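Reviewing the structure listed below.
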Amino acid sequence: MVDVPALVEQAREGRPRAVARLISLVEGASPQLREVMAALAPLTGGAYVVGLTGSPGVGKSTSTSALVSAYRRQGRRVGVLAVDPSSPFSGGALLGDRVRMSEHASDPGVYIRSMATRGHLGGLAWAAPQAIRVLDAAGCDVILVETVGVGQSEVEIASQADTSVVLLAPGMGDGIQAAKAGILEIGDVYVVNKADRDGADATARELNHMLGLGEARTPGDWRPPIVKTVAARNEGTDEFVAALEKHHAWMAERDVLAERRLRRAAHEIETIAVTALRERIGDLRGDRRLGALAERVVGGTLDPYAAADELVAGLTTG
Ligand SMILES: Nc1nc2c(ncn2[C@@H]2O[C@H](COP(=O)(O)OP(=O)(O)OP(=O)(O)O)[C@@H](O)[C@H]2O)c(=O)[nH]1
Ligand SMILES: [Mg+2]
């Protein structure tokens with residue numbers, strides 16, 4: 001058994017091993033997970049969470065590393081979570097990130113962790129937000145969440161951030177891909193990275209055009225800015241940070257931040273509840289209740305919907 005209060009105390013002091021241990025408890029769905037989360041609850045809410053998404057190789061890790069440097073210059077503590085929703089193996093595809101982040105490896109003000117969220121437990125969609133909570137409680141001022149991959153998982157991770165950044169690069173046909181993946185709806189800030197390459201202006205123009213196609217905006221609405229960067233040379237990082245700060249301030253002024261966090265918590269609860277229910281239903285295979293319902297469905301005395309209703313009602317009342 002782990003001494004959770006002691007571990008939380010050490011994490012608060014910024015000890016990376018304690019933070020690592022706590023995240024491992026979360027990731028491994030430890031029997032002490034509930035104790036950990038209960039201890040962290042009163043300590044959370046202080047961090048600004050930024051999600052970075054975009055196609056593979058667009059420069060998310062390089063940009064994240066540049067942001068880490070910028071925030072460290074401001075004296076802020078930074079947590080980095082690299083989430084790979086397509087892989088059940090932590091670290092595999094993310095090994096390259098360690099190289100790109102290695103300049104921060106010895107900085108005690110930075111905590112970096114990779115996480116695979118498609119595990120044997122049938123999807124660890126709930127694990128990433130809990131890891132964010134650990135970093136938040138450990139006193140990180142800013143948490144950068146990089147998500148590898150595109151599509152639904154990307155959108156899901158974005159919903160866990162205060163500010164969602166979508167990165168594009170010229171010449172990857174990204175514009176059209178962006179529209180397809182629905183990421184035009186999730187970006188609060190857009191970054192056209194690799195601006196040292198041909199076509200960056202065209203990509204930015206195309207993006208600007210697509211973003212403008214939506215509804216007529218009312219005054220005071222957030223208009224997602226498009227920032228051009230060369231992350232590999234640390235160019236445009238200041239503008240990038242400025243865009244993030246601007247969005248943060250805009251949200252805070254209008255209670256948007258509070259609303260987003262409420263929505264996030266609701267989504268989190270839902271995910272955990274659905275996971276718990278699914279586990280209980282899984283446990284029922286071979287259960288007599290399920291077998292009896294199946295017999296009635298086969299016998300024609302009960303339809304499958306009514307049977308499912310009965311099953312769910314039985315689960316929630318114990
Ligand atoms: N030319 C150019 N190359 C860049 C720039 N930023 C990053 N790169 C390179 O692009 C490659 C991919 O960068 P990463 O930061 O690993 O990209 P990523 O989006 O994190 O990649 P995945 O995590 O694999 O999806 C690396 O070789 C970088 O050095 C840039 O601004 N210009
Ligand atoms: Mg990466």
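Values quoted throughout were computed directly from the atomic coordinates according to the rules given, and no laboratory measurement underlies them. These figures come from a predicted structure and were not determined experimentally. Please note: Cβ atoms are built from the backbone with ideal geometry, for glycine as well, and neighbour counts cover all protein chains shown.
Can you list the aspartates and glutamates whose alpha carbon sits under 15 Å from that of residue 246, skipping same-chain ones fewer than 8 residues off?
Excluding near neighbours in sequence, the set is 162, 188, 221, 238, 255.
Check residue 82: other-chain or 5+ apart residues with amide H under 5 Å from its amide H, H built from backbone geometry?
Amide H to amide H, under 5 Å and 5 or more residues apart or across chains, residue 82 pairs with 113, 114, 115, 146.
In what order do 26, 241 fall by count of nearby beta-carbon atoms within 10 Å, going from fewest to most?
With the sparsest Cβ surroundings first, the list reads 241, 26.
Which of rounded, prolate or oblate describes the stretch 1-55 when judged by the alpha-carbon gyration tensor and an a/c cut-off of 1.5?
Prolate.
For 71, 190, what ranking results if the residue with the fewest other Cβ atoms within 10 Å of its Cβ goes first?
Starting with the residue having the fewest Cβ neighbours, the order is 71, 190.
On full extension of the chain, what length is gained from residue 297 through residue 102, given 0.36 nm per residue of separation minus the C-alpha to C-alpha distance?
Value of the extension gain: 64.3 nm.
If you plug each phi of the stretch 23-35 into the Karplus form 6.51 cos²θ - 1.76 cosθ + 1.60 with θ = phi - 60°, what whole-Hz ³J(HN,Hα) values come out, in order, with x for Gly and Pro?
Here the 3J(HN,Hα) series is 5, 5, 4, 5, 5, x, 6, 4, x, 8, 3, 5, 5 Hz.
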